[in-house]
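Just so it is clear, none of the values below were taken in a lab; they were calculated from the coordinates. All figures in this text were calculated on a predicted structure; none of them were measured in a lab. Ideal geometry is used to build each Cβ from the backbone, glycine not excepted, and the neighbour counts take in all protein chains shown.
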Amino acid sequence: MKELKEYLEKLPKPDGMSRAEIVDLLLREEYGYLPLPPFSVRAQEESRDERFCAGKAVLIKLHLICETAYGEFSFPVYYTRPTKKEQPVPCFIHINFRDLVPDKYQPSEEIVDAGYAMLSFGYKDVTSDDGDFTNGLAGLVYPDGKRSDTQCGKIGLWAWAAMRVMDYALTLPELDHGRICVAGHSRLGKTALLAGALDERFYCAFSNDSGCSGAALSREKGGETIQKINEVVPYWFCENYTKYGDNEQKMPFDQHFLLAANTPHRVYVASAVEDLWSDPEKEYLSCVAASDYFKEQGLTGFVHPDRLPAAGDYFGEGDIGYHLRAGVHYFSREDWQYYVKYLNASFIA
C-alpha cells in the first residue's frame, strides 16, 4: 500500500473548505450550474395497479409537473409502494435508463419485500442523452440550444429532475422523509452523486459503477479518462471541463471532492471487478481519499482494511460505504441487496 499512500498524498485536498465551496468548484469546473429550483411541484396520477408484485405493492404512474422560472415542465415518474409493511417506509429515488417497472436494473419485488418504496423515472424523459439542448428540460432552460461555459450539461439536468422527485417525495406521509436515498448506475451513478452533493435532504447517495467523472479518481485513471469522455459525451458536463483532458494534474480537485460534497449525509460507492473502463481501484481510492473530510465534519468516514478490495468485499461500517462484486458493468440485484444491507444497518446504528 506504500505506492497507493504516496498517490493519495499527492491528491488535492478539500481540507478546510466548506461544503458550499466544494460544490461551487465542482459546478464551475465540471458539471456546470443547474437551473433554478421550481416555484412548485405537483403530481397528476395517470394510472394505478393495486395488485402489483402479487398484491404486495401498489404501482402508480404519475406526471410530475414543475412550475419554473422558465415555464412549466413535466415528466413521468413511477411510484412503487409496499402495502404490507408498517408505514412510514424508506424510499429509493432511482434515476433509471428506462421507464420500465420492474426493470433489469430495478428488481421491484425484492425492493418491496425489503420494505422499501421506489420513485423512479427514465432519464431520457427529462432530456435526450445527446448534444441536442433544444428538447425537454434542456429546451426550456436553453431556448436557443446554447449554453455558457459554466452552465450545466445533461448530468446536471438529470440531477435537477431527481431533486424534483425528492420535492414530491416529501409530500407523501407514507414515506419516511429522513430516509430517502438517490441511486443510479453508470452515467446515472454520476448523476446520483451530483444530486446528493447538491441536496442535503437525501439520506444517502448510491453510485453504481459510475467511473470516470463520477466516483473514480481521475489522476492516473485506467480505462475511461477525462480526455476520452469529453471526446464522446462532452454534453454531459459544462464546457469548462474540456480543459482538463490529458491535463488532470492541473485540476484543483478530483472526484473525492464529489464524495466529500455529499456531507452531511451518507454516500455509497459500488464497483465491479471486470468493469475496467470505470476503474474499480480508483473508485475505491476515492472513498479512502474522501474519508478525512467526512471525519472533519464529525462523521465516521470510510472504515476499510489497509489493502485493496477483493471480489465480495463489503465495507459498510462508516458514513462512506463500498462494495466490490464479481462481474462486469451492470446494476444487479446483488448491488441492491448490498444497498439494503447498508441502510438497514445504518438505521439501527
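Rounded to the nearest Hz, the phi-derived 3J(HN,Hα) couplings of segment 283-294 under the Karplus curve 6.51 cos²θ - 1.76 cosθ + 1.60 (θ = phi - 60°) are 5, 5, 5, 5, 5, 4, 5, 7, 4, 4, 5, 4, where x marks glycine and proline. Short-range pairs are left out: with C-alpha atoms under 8 Å and at least six residues apart, the relative contact order of the chain is 16 percent. Computed from label points 7 Å out along Cα-Cβ, the spacing between Arg51 and Thr242 is 5.6 nm.
Only DSSP H runs of four or more residues enter the estimate; each adds -39500 (n - 2.57), and after division by the residues of the chain the mean residue ellipticity at 222 nm equals -8500 deg cm²/dmol. Full extension of the segment from Glu200 to Asp129, taken as 0.36 nm per residue of separation minus the current Cα-Cα distance, would add 22.9 nm. If I take every Cα pair under 8 Å that is 6 or more residues apart in segment 37-128, average their sequence separation and divide by the length, what percent do I get for the relative contact order? Once divided by the residue count of segment 37-128, the mean separation gives 26 percent. Phi angles of segment 196-206 translate, via the Karplus equation with coefficients 6.51, -1.76, 1.60 and θ = phi - 60°, into HN-Hα couplings of x, 5, 8, 10, 5, 6, 5, 7, 7, 10, 9 Hz per residue; Gly and Pro are given as x.
Simple point charges give the picture: +1 on the Cβ of Lys and Arg, -1 on the Cβ of Asp and Glu, and for the chain a dipole about the Cα centre of about 420 debye. Cross-link partners of Lys124 among aspartates and glutamates, defined as those whose alpha carbon lies under 13 angstrom from its own and excluding same-chain residues fewer than eight positions apart: Asp99, Asp132. Each label was represented as a point 7 Å from its Cα along the Cα-to-Cβ direction; for Tyr314 and Ala20 these points are 3.9 nm apart. Around the amide H of Ser74, modelled in the peptide plane, lie the amide H atoms of Cys66, all under 5 Å away and 5 or more residues distant in sequence or on another chain.
Given the options Ser148, Ser218, Ser286, which has the most mean-square fluctuation in a GNM of the chain, springs set between C-alpha atoms less than 10 angstrom apart? Its mean-square fluctuation being the largest, the pick is Ser148.
May I ask you to derive the FRET efficiency for Thr150 and Leu4 from their Cβ-Cβ distance with R0 = 45 Å, giving the value to the nearest 0.05? According to the calculation, E is roughly 0.85. In the chain, a dipole from Cβ-located charges (positive for Lys and Arg, negative for Asp and Glu) runs towards its positive end, and of Pro264, Gly156, Leu193 it is Pro264 whose Cα lies farthest in that direction.
Using a ≥ b ≥ c from the Cα gyration tensor of segment 182-286 (square roots of the eigenvalues), is it rounded, prolate or oblate, where a/c under 1.5 gives rounded and otherwise the larger of a/b and b/c decides, a/b for prolate? Judged from the Cα gyration tensor, segment 182-286 comes out prolate (a/c at least 1.5, a/b above b/c). Segment 287-301 to segment 316-349: how many Å between their Cα centroids? Answer, in whole Å: 18.
For Lys61, project a label point 7 Å along Cα to C-beta. Then give me every residue of segment 116-141 with its amide nitrogen under 17 Å of that point. Of the residues in segment 116-141, 119-126 have backbone N under 17 Å from the label point off Lys61.
Distances between placed amide hydrogens fall under 5 Å for Phe92 paired with Ala117, Met118, Leu119, Cys181, all partners being 5 or more residues away or on another chain. Looking at segment 15-264 alone, DSSP beta bridges between its own residues are antiparallel in about 60 percent of cases.
Positive-end ranking of Ala169, Thr80, Ala205 along the dipole of segment 72-207, with charges on Cβ about the Cα centre, is headed by Ala205.
Using the Cβ-Cβ distance between Lys84 and Tyr33 with R0 set to 41 Å, the FRET efficiency from 1/(1 + (r/R0)^6) comes to roughly 0.40.
Do the alpha carbons of any pairs in Lys146/Lys190; Lys84/Lys341; Lys85/Lys190; Lys61/Lys282; Lys5/Lys190; Lys146/Lys221 sit beyond 28 Å of each other, and which pairs? If you can, show how the numbers build up before the last one.
Numbers: Lys146/Lys190 23 Å; Lys84/Lys341 20 Å; Lys85/Lys190 31 Å; Lys61/Lys282 38 Å; Lys5/Lys190 25 Å; Lys146/Lys221 31 Å.
From Lys146/Lys190; Lys84/Lys341; Lys85/Lys190; Lys61/Lys282; Lys5/Lys190; Lys146/Lys221, over 28 Å: Lys85/Lys190; Lys61/Lys282; Lys146/Lys221.
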